[in-house]
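Since every read-out is calculated from the coordinates, none of them should be taken as a lab result. On a predicted model such as this, the values are computed, not experimentally measured, just so you know. No Cβ is skipped: glycine too gets one built from the backbone with ideal geometry, and neighbour counts run over all protein chains shown.
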Amino acid sequence: MGTIRGIGIQRQVLLFELERRCNFPECNARNFIGLTKNEAKEYRGFECSACERWNNDKLSKKDVPDWWDEIHSTQQSDSPSSDQTP
Ligand SMILES: [Zn+2]
């Protein structure tokens, strides 16, 4: 219970893998996208491995439940209500 993790920890490089379908209906290929945490912050899409077209995409919380708060706290560092609780 509570130890379901698809995240591989290799030294200091945290990597997780997304599974996405190509947005183009005639392709619809399955893509596996490996991202580090830094890459996840900048993630805007992927290039389909089958048709090589760009797919606009973004992460949702269920993609990166463990990193969601961290990724978004970094992006919105000047939010007025971002009090850091010790
Ligand atoms: Zn494709």
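Summary of computed values
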item: Order of LEU59, LEU15 - criterion: other Cβ atoms within 10 Å of each residue's Cβ, fewest first; result: LEU15, LEU59
item: Extended-chain gain in nm, criterion 0.36 nm per residue less alpha-carbon gap, GLU47 and CYS27; result: 6.0 nm
item: Gained length - GLU70 relative to LYS58, 0.36 nm times residue gap less alpha-carbon distance; result: 2.7 nm
